[in-house]
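Written below as structure tokens is the structure these notes are about.
Taken together, the values in this text are just the output of simple stated rules run on the coordinates, not laboratory data. Nothing here was measured: the structure is a model prediction, and the numbers come from that model. Here the Cβ positions follow ideal geometry from the backbone for every residue, glycine too, while neighbour counts run over all protein chains shown.
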Amino acid sequence: MSSHMEYKKRLPATHEIKAMYPLSAELAEKKQKNDEEIRQVFTGESDRLILVIGPCSADREDAVLEYISRLRKLYERVQEKLLIIPRIYTNKPRTTGEGYKGMLHQPDPNSRPDMLRGLIAIRKMHIRAMEETGFSCADEMLYPENHNYLDDILSYVAVGARSVEDQQHRLTASGVDIPVGMKNPTSGDISVMMNSINAAQHPHTFVYTGWEVHTKGNPMAHAILRGSVNKYGRSIPNYHYEDLKLLSEAYAESGLQNPGVIVDTNHSNSGKQFLEQARISKEVLHSTRHSEDINKLVKGLMIESYLLDGCQKPDGGEYGKSITDPCLGWEKTERLLLELAELR
């Protein structure tokens, strides 16, 4: 055992956490209904636009639940055109390893890491969101071995730009029964993303959480365009008409099932200028009206949104304001969703 790694405590197995905080039969039925509606968008049976929307990272249960409750009321007005999947992102990747890593690590952003409290907190928050709003939500697969703690609750999973080349993420995604979005890497290399989707759509045998497992392949694995960064550290967007056309052609050559893309309107597509998300969203919809191929390809948008505009430091103390990347505030979010429903 390495002297540089301290083993603090053994954490409960996934089935133990699930037994402590089970999903009721009623909620399981709600999730199944949500999953079917989402599946129909990816297969082309439904032409609703998916919005994976919510805070950059879930930092506190009360503010996240208030946000999702507001989203539920708004959803009643737009659900004929839009299909909302709230983001409850409980793991936060850090480029340098520094900073807040999400509720899984720190259920209280200003206290020391506590993984057991974190595992319980994120499961309880996802269940409470479903109980109070009927939404089954989205999370990021930052750590593949942790997916089982939430796999009976989630309706959407994203694999991030820094994880998409990792073999374990790709193979784990092949055993997931909900849509998994593969982001293009920060380099912008689309072939890396397409290879990841290909791997996720096929069956595999590998070691997972101490078991030899076999997966069936995930036909709902798809692309997420999030922009890239060039060698000078500048953001390069990839949401424009030409980018979507090229991705459509790459899909046509690939033979992959259910061609689809979710466009991430923040990150390198906006250069982290969060107010640009509204304009980018509308430009993507404009592109779908000018090409049938793009219209079939674009399944939705990913938008970072919270109760208040912008962001703050973890100890900032403003309720409903992001402590990681800046987000659209509620008033701008509400206006944008009503506009998108009108444009759809």
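Using the number of other C-beta atoms within 10 angstrom as an exposure proxy, rank CYS56, CYS137 with the fewest first.
Arranged by neighbour count, lowest to highest, CYS56, CYS137 become CYS56, CYS137.
Local charge sum around LEU49 (other residues, Cβ-Cβ under 9 Å, Lys/Arg +1, Asp/Glu -1)?
Values: positive: ARG48, LYS81, LYS299, ARG344; negative: ASP47.
My count for the surroundings of LEU49 gives +3.
So for the chain: antiparallel DSSP bridges make up what percent, rounded to the nearest 5?
On the way: 7 of 36 bridges.
In the chain, approximately 20 percent of DSSP beta bridges are antiparallel ones.
Under the definition of Cα pairs under 8 Å and six or more residues apart, what whole-number percent is the relative contact order of the chain? Before the final figure, lay out each step's value.
Working: 669 pairs, mean separation 56.0, N = 344.
16 percent.
Around LEU246, with a cut-off of 12 angstrom between Cβ atoms, what is the net charge of the other residues, counting Lys and Arg +1 and Asp and Glu -1?
Net charge in that neighbourhood comes out at -4.
As a test of the formula, what do you get for the chain when each DSSP H run with n ≥ 4 contributes -39,500 (n - 2.57) and the sum is divided by the residue count, at 222 nm and rounded to the nearest 500 deg cm²/dmol? Mind showing how you got there, number by number?
On the way: 11 runs with 135 residues, N = 344.
My calculation for the chain gives -12500 deg cm²/dmol from helical runs alone.
Evaluate the relative contact order of segment 143-208 (contact order divided by residue number), counting alpha-carbon pairs under 8 angstrom at least 6 apart; express in whole percent. If you can, show how the numbers build up before the last one.
Values: 76 pairs, mean separation 22.9, N = 66.
Computed over segment 143-208, the figure is 35 percent.
Determine the percent antiparallel among the DSSP beta bridges restricted to segment 87-240, to the nearest 5. Show your work: numbers first, answer last.
Working: 6 of 16 bridges.
Looking only at bridges with both residues in segment 87-240, the antiparallel portion is about 40 percent.
How charged is the neighbourhood of ASP177? Take every other residue with its Cβ under 14 Å from the Cβ of ASP177, and add Lys/Arg as +1 and Asp/Glu as -1. Mind dumping the intermediate values first?
Working: positive: LYS31, ARG39, LYS216; negative: ASP35, GLU36, ASP151, ASP152.
Within the 14 Å Cβ shell, the charges total -1.
How big is D, in µm² s⁻¹, for the chain by Stokes-Einstein at 25 °C and 0.890 mPa s if Rh is the Kirkwood radius over C-alpha pairs?
Values: Rh = 20.2 Å.
D, rounded to a whole number, is 121 µm²/s.
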